[in-house]
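Structure first, then comments.
The values are calculated or read from the model by the stated rules, or taken from the named source; none is laboratory data. As the structure is a computational prediction, the values presented were derived from the model and not from experiment. Please note: Cβ atoms are built from the backbone with ideal geometry, for glycine as well, and neighbour counts cover all protein chains shown. These accessible areas exclude ligands, DNA and RNA; they are computed on the full protein's heavy atoms, side chains included. Shrake-Rupley method; radii C 1.70, N 1.55, O 1.52, S 1.80 Å.
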There are 4 protein chains.
Amino acid sequence: MDEFDIETVADPSLRDPILIEGLPGVGHVGKLAAEHLLEEFETTLLRRLYSEHFPPQVTIEDGTTQLACLEFHYVDLTTAATSSEDDESSDDDVATNGSTTPAEQSVPNDLIVLTGDHQAQDPRGHYQLTSAILDVAESFGVERAYTLGGVPTGELIEEYSVIGAASSDALIEELDDAVEFRDNEPAGGIVGVSGLLLGLGERRGFNAACLMGETSGYLVDPKSARAVLEVLESLCAFEVGYDALEERAEEMEEVVSKIREMEQSQAPTEDDLRYIG
Amino acid sequence: MDEFDIETVADPSLRDPILIEGLPGVGHVGKLAAEHLLEEFETTLLRRLYSEHFPPQVTIEDGTTQLACLEFHYVDLTTAATSSEDDESSDDDVATNGSTTPAEQSVPNDLIVLTGDHQAQDPRGHYQLTSAILDVAESFGVERAYTLGGVPTGELIEEYSVIGAASSDALIEELDDAVEFRDNEPAGGIVGVSGLLLGLGERRGFNAACLMGETSGYLVDPKSARAVLEVLESLCAFEVGYDALEERAEEMEEVVSKIREMEQSQAPTEDDLRYIG
Amino acid sequence: MDEFDIETVADPSLRDPILIEGLPGVGHVGKLAAEHLLEEFETTLLRRLYSEHFPPQVTIEDGTTQLACLEFHYVDLTTAATSSEDDESSDDDVATNGSTTPAEQSVPNDLIVLTGDHQAQDPRGHYQLTSAILDVAESFGVERAYTLGGVPTGELIEEYSVIGAASSDALIEELDDAVEFRDNEPAGGIVGVSGLLLGLGERRGFNAACLMGETSGYLVDPKSARAVLEVLESLCAFEVGYDALEERAEEMEEVVSKIREMEQSQAPTEDDLRYIG
Amino acid sequence: MDEFDIETVADPSLRDPILIEGLPGVGHVGKLAAEHLLEEFETTLLRRLYSEHFPPQVTIEDGTTQLACLEFHYVDLTTAATSSEDDESSDDDVATNGSTTPAEQSVPNDLIVLTGDHQAQDPRGHYQLTSAILDVAESFGVERAYTLGGVPTGELIEEYSVIGAASSDALIEELDDAVEFRDNEPAGGIVGVSGLLLGLGERRGFNAACLMGETSGYLVDPKSARAVLEVLESLCAFEVGYDALEERAEEMEEVVSKIREMEQSQAPTEDDLRYIG
């Protein structure tokens, strides 16, 4: 195999497509968000990207092996997955927002969503992998990319803010209403594909921004993924339901409360201390 | 040296050869199984594959050095090693199975068995090494490969199941009678050459399946190797004796019972506990 | 991206420029010294050097991302930064030295100062990165380089000596008045870009010397950076104020005295011991 | 820099030169032996081999830097260093052996001795470095190589045996009188340049053997180096004095006896135990 091997699965003509990247990272925020889009809309697998920078591994589904890869999916925003539409529970927030969404005012761009289970295994691999992703994106005429990720706060989150970073000042100005830009945050910069798509993309003329949901950093965080997707909705002029993410969030909250209970049962309570006195 | 250096030792013409891979891995199941074939049949060394992805090392036998390499052997299924045939103990299971083996109904494929002491040292090395192995296999006209390995269960095994994985649904259908395919097992996928021969092989048009013997994961496991070979017998239409593997299995069982004794002498027995009460 | 990507930001014609390197290292001595020059003089950014040998990372300033890079700056020695000139506190040492500086006797060389937050991530990267730096330097006609760094002593420093090393005996002779050369110091040699610019530079005909300020090795050390700069002043015939470095040194000294207090409050004093007796 | 950079320092015409390799390794046996040859005979530096596989480092001598490298030296066996000849102490063993040495019967081959402070930093580097060394050796017409090293026994040595390994059976037969070949020793094979010069050398038509002095593996071992050199004397038909190595061995023995004293003063003696009873 060459360093990269790109498998063409489908090759539709797309309208000014925007690349959305959501690979594994802090709190799996980006990956959860990207996979949620794939579940809620009808999609077409466009490309598989194989690379010797991924772990030397196949995964197994129903006995069949799949070589480690990233996948580029076309997401058809004019559809919504059946499961979501049939869902009886309603998502009020989105419905309300939806009535004033820019989607009604202009023809939205097509979306290409990049997902997968792997990042590269070393610094050079990150650079080369990002270049290969930009090559694929360019071949579809992509000029803009949003990368999705989490920014760790080190403590459990109450308000799910989303912080932005962009490859140029002009892009910050354009996105300023939808996402918050802070002076020097995140302090550690952005590591991996989510960061390099901005850094290397800018060198090649892409407009690229990173949307980072605040998250504790300790747990898979569907609520942070939802916060990021809500920003993306306004940027890309689409609407999506969140029932599946909410269910997942409730599962995680049960985990969190169990952890809290365990902590409390182990730590001495105020009562314990008084009793000693 | 280039990245790979292939030494041609013999170059016979082979009949639709199938590649059997058995390199070091979990429980050394694949390596034991492949080496058992080399011991039980007459073989011809075809190729040595040297690579800078192996440890920078020579081994020594009778004072002569051998550079780290993998070896491709032709295994002549029409022969059986003398030592095995002269062996007085009989292996009833195999004899019984043997009387109805497909070997009598069709001309079996030739086998090329790949063995060695090394895997590559890093992810890129695994990918490149597997590609080099596929190049050699292609040069012999190989279109099908079986990779042999172990799947760790974490506990001592009573019934030695063999799990399969295949590079395509069509191949699963073909092999379904001989080996069990499970939905998502092994959950961690298959790592190393045994997995990549399926993943990369499929990209190049090979039909490849992995046969994984369940094994504790703690010990070298000749019984699991036998279970894997029994599946391979039915797939490749040959018969082989297992005396040598059984002897090795008995040695391992002595090790296991010693470990169990040690554990029991350290842990309090039920009697000990009653005495306390 | 290729292994290296060099962005041309400005391309002035320079007079026999000397390369000054100050990247992260022991006590951040070299980096502090190089950055002090950028703060005290007017500068022009000449080149950005991107490389897949740097961490796969962007940093963020005011929401905009900057891909990991090194920067080559032209430093105009005929200027001094406003902030420094307006500074009321005077730096007597420098003023005194300044009155007899060689700057008045000859036209000084232009300076190109190399700074950044990164070194390469592995041995090969250090070699390739240094070669790329020498390529840029050569393109400006550089024939001489001074690399700045710290040499760890393992104890807090009272007298800030500066040790030199040079790529040739002829250069030692030339620099012998300004900097001290010792027989086998530093015993561990010089690791990273600061060392390789001499080693690889010499192979390409550069005259290169390394100026190493003694430093404890435990703390960022602005005083050691000043000592190194004072040697550089005499070598390159310029004058610079040290108020900013002195402020930073005072901050560090507060840190040091706090550490000493903590040590003293934890260790038993002579009085404690007498009291026990 | 390219992956390798070979500096030609001198280019004399040599008579059927044999390559002797002695790089850092177990007990520094090979390095001590090779450096002893450089000290005892007149030598000419032939080549310096620089490589990005070495640590990114310069060493410093008298203030001048030297880039990490290996050095190929011609050793003139018709000379002996003045210091050794003037030495009043006599080395009886060598003198006795010397009177019947094959040196008097045939014109000996010239020797090229390879020394240095570094091995490569990773597996691929070892392979590439060894290939580069073989390239240099070939350019001088070398057809035979002896690599020198230590084999760890894990305990302090009384009798300093030397074990051999060779790239072919024919070579074993030729060397069998001078050095002992054992069935499967060393069990772990030979790692690094000393092993690969045999493994890769054999692929390129070199006759190569490794001479391994038994050594504890815990300490620099000049006595083991002497044992190896005594084998080399008979193989290459030269004589050398050992005063310098003996001095170094005495220093090491003082270290060893201090360690033994410390161990004895800490462990309870038989007397201590009786006293308790």
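Which one is surrounded by the most Cβ atoms within 10 Å (Cβ to Cβ) among residues in segment B:133-167 that are part of a loop (DSSP other than H, G, I, E, B) and of a type in the set (A, V, I, L, M)? Give the steps one after another, and end with the answer.
In the first step, residues of segment B:133-167 are kept if they are part of a loop (DSSP other than H, G, I, E, B); the result is B:140-143, B:153-161, B:167.
Now restrict to residues that are of a type in the set (A, V, I, L, M): B:142, B:156-157.
On the way: B:Val142: 24, B:Leu156: 13, B:Ile157: 17.
Step by step, filter segment B:133-167, then rank; the result is B:Val142.
This table checks each residue for (1) closer than 18 Å to B:Leu67 by Cα; (2) touching a Cys at 6+ places or on another chain (Cβ under 8 Å).
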{"position": "D:Ser161", "(1), (2)": "no, no"}
{"position": "D:Ser167", "(1), (2)": "yes, no"}
{"position": "D:Leu171", "(1), (2)": "yes, no"}
{"position": "D:Leu175", "(1), (2)": "no, no"}
{"position": "D:Val179", "(1), (2)": "no, no"}
{"position": "D:Leu198", "(1), (2)": "yes, yes"}
Worksheet entry | Count of segment D:194-244 residues which are of a type in the set (A, V, I, L, M, F, W, C) and on the phi > 0 side of the Ramachandran plot | 1
Discussion item. Looking only at segment D:1-15, how many residues end up being under 24 Å from the mean Cα position of the chain (by Cα), closer than 16 Å to D:Ala120 by Cα and in a loop (DSSP other than H, G, I, E, B)?
Written reply: 0
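Just to verify a result, which residue in segment C:217-262, among those that are polar (S, T, N, Q) and farther than 13 Å from C:Ala33 by Cβ, is nearest to the chain's Cα centre (by Cα)? Walk me through it before giving the result.
Taking segment C:217-262 as the starting set, the residues that turn out to be polar (S, T, N, Q) are C:224, C:234, C:257.
Filter once more, so that each one left must be farther than 13 Å from C:Ala33 by Cβ: C:234, C:257.
Working: C:Ser234: 15, C:Ser257: 25 Å.
Selected residue: C:Ser234.
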Response to the item:
Of (1) within 21 Å of C:Lys31 (Cα to Cα); (2) within 13 Å of chain D (Cβ to nearest Cβ); (3) of a type in the set (Asp, Glu), C:Glu159 fails just (2)
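Looking at segment A:123-177 only, could you name the residues that are aliphatic (A, V, I, L, M) and out of contact with any helix residue (DSSP H, G or I) (no Cβ under 8 Å at 6 or more places or on another chain)?
A:Ala132, A:Val136, A:Ala137, A:Val142, A:Ile163, A:Ala170, A:Leu171, A:Ile172
Report, by residue number, each residue of segment D:173-198 that is more than 20 Å from D:Leu23 (Cα to Cα), open to solvent by 10 Å² or more (accessible area, probe 1.4 Å) and under 19 Å from the mean Cα position of the chain (by Cα). Write out each step before concluding.
Initial filter on segment D:173-198 (more than 20 Å from D:Leu23 (Cα to Cα)): D:173-185, D:187.
Filter again for open to solvent by 10 Å² or more (accessible area, probe 1.4 Å), leaving D:173-174, D:176-178, D:180-185, D:187.
Correct list: D:Ala178, D:Glu180, D:Phe181, D:Glu185.
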Worksheet, complete the sentence: Within segment D:29-40, of all residues that are open to solvent by 10 Å² or more (accessible area, probe 1.4 Å) and not acidic (Asp, Glu), the one farthest from the chain's Cα centre (by Cα) is D:Leu38
Item to complete: Show the residue pairs that are 6+ apart or on different chains and have beta-carbon atoms under 6 Å apart, the first residue being within segment C:245-274 and on the phi < 0 side of the Ramachandran plot and among the small types (Gly, Ala, Ser), the second being surrounded by 11 or more Cβ atoms within 10 Å (Cβ to Cβ) and modelled with pLDDT of 85 or more.
Response: C:Ala249/C:Pro222; C:Ala249/C:Lys223
Worksheet, complete the sentence: If we ask which residues in segment C:107-126 are free of Cβ contacts under 8 Å to residues at least 60 places away in the same chain and part of a loop (DSSP other than H, G, I, E, B), their number turns out to be 0
Response to the item:
The condition of being within 14 Å of chain B (Cβ to nearest Cβ), under 25 Å from B:Val58 (Cα atoms), at pLDDT 95 or above and exposed (fewer than 15 other Cβ atoms within 10 Å of the Cβ) holds, among D:Ala209, D:Ala170, only for D:Ala170
Practice prompt. All but one of (1) more than 8 Å from chain C (Cβ to nearest Cβ); (2) of a type outside the set (A, V, I, L, M, F, W, C); (3) not in a loop (DSSP other than H, G, I, E, B) hold for A:Gly195, so report the exception by its number.
Written response: (1)
Fill in: Selection count where residues are open to solvent by 10 Å² or more (accessible area, probe 1.4 Å) and of a type in the set (Gly, Ala, Ser), scope segment B:52-67
0
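Taking segment D:1-16, which residues are touching a helix residue (DSSP H, G or I) at 6+ places or on another chain (Cβ under 8 Å) and open to solvent by less than 60 Å² (accessible area, probe 1.4 Å)? Spell out the reasoning first.
Looking only at segment D:1-16, we keep the residues that are touching a helix residue (DSSP H, G or I) at 6+ places or on another chain (Cβ under 8 Å), and these are D:1, D:3-7.
Listed by number, the residues that qualify are D:Met1, D:Glu3, D:Phe4, D:Asp5, D:Glu7.
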Item to complete: Check whether at least one residue in segment B:199-217 is in a helix (DSSP H, G or I), more than 18 Å from B:Val113 (Cα to Cα) and in contact with a helix residue (DSSP H, G or I) (Cβ under 9 Å, 6 or more places away or on another chain), and report yes or no.
Response: yes
Worksheet, complete the sentence: Note on segment B:123-155: residues among the acidic types (Asp, Glu) and either facing chain A (nearest Cβ under 8 Å) or under 15 Å from B:Ala209 (Cβ atoms) (or both) are B:Glu143
Item to complete: Quick one: count up the residues across segment B:49-65 that are over 19 Å from B:Gln128 (Cα atoms) and in contact (Cβ under 8 Å) with a residue 40 or more places away in the chain.
Response: 1
Worksheet item: Within segment C:224-232, can one find any residue that is modelled with pLDDT of 95 or more and over 27 Å from C:Ala120 (Cα atoms)?
Response: yes
